[in-house]
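No lab work stands behind these numbers, since they all come straight from the coordinates. Source: prediction; values computed, not measured. FYI the Cβ positions are ideal-geometry reconstructions off the backbone, even for glycines, and counts take in every protein chain you see.
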Amino acid sequence: MAWGSDVIKAETDLGGTGHSQAIRRTGAAKWIQRLRDQSDCIRLLCFPHAGGGASAFESWRTSFTFIDVCPVQYPGRENRWGESVAPELTDLLTTLAEDLAPIWERPFAFLGHSFGALVAFELARVLVQQGHLPPVRLFLTGARAPQLPRRPAIHA
């Protein structure tokens, strides 16, 4: 299915029975605002930097017809401003893994930038530990590779 009126309808029609509508009825809806209801489309969950929000990836949503770009909205950011942020990374990862459980039923990939790279990498590890399939691709930018030792601070 090509990007067009059917996809727009799937994004806005909450009364349907597709996978996206099922996700909207779960905790996933607060993390990801709009999903395409296309089974032939891979979902790319995009995790922004620490101070950023889902809007950092909004322009990507219309750039690809074969990828469902799903910007992730952290609590305390943009439309979730009134929510408390997770006190620890493990709290954020646990909540993401639980709330986004319907996403793990189809092929998905992660893209994370800076702090989002850490979230994406660690969430992939949590999913594997819980017995889920890992992301088909893991794209990490603006962060040091996790297997490399930490560099000493330049400014102390």
Task: the stretch 52-124: C-alpha gyration tensor shape, a/c 1.5 cut-off, then a/b vs b/c - done: oblate
Task: At most 14 other Cβ within 10 Å, DSSP loop - trypsin sites (Lys or Arg not before Pro), the stretch 73-156 - done: Arg137, Arg144, Arg150
Task: FRET efficiency, 1/(1 + (r/R0)^6) with R0 25 Å, evaluated for Thr141 and Glu78 via beta carbons - done: 0.75
TODO: Loop only per DSSP, at most 11 neighbouring Cβ atoms within 10 Å: give me the GluC sites (Glu not before Pro) in the stretch 66-156, ordered by residue number.
DONE: Glu88
TODO: Could you tell me the distance between the Cα centroids of the stretch 130-156 and the stretch 73-88, to the nearest Å?
DONE: 22 Å
- [ ] Evaluate the distance, in nm, between pseudo-label points positioned 7 Å from the Cα of Val85 and of Arg125 along their respective Cα→Cβ axes.
- [x] 2.1 nm
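I'd like the FRET efficiency for Arg151 and Phe64, computed as 1/(1 + (r/R0)^6) with the beta carbon distance as r and R0 of 30 Å, rounded to 0.05. Before the final figure, lay out each step's value.
On the way: r = 35 Å, r/R0 = 1.15.
It comes to 0.30.
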TODO: Please work out whether the stretch 18-149 counts as rounded, prolate or oblate from its C-alpha gyration tensor, where a ≥ b ≥ c are the square roots of the eigenvalues and a/c under 1.5 means rounded, while otherwise a/b larger than b/c means prolate and anything else oblate?
DONE: rounded
- [ ] Determine which residues of the stretch 71-109 fall in the zone a paramagnetic label at Leu133 would reach in this model, i.e. backbone nitrogen under 13 Å from the point 7 Å along Cα→Cβ.
- [x] 103-109
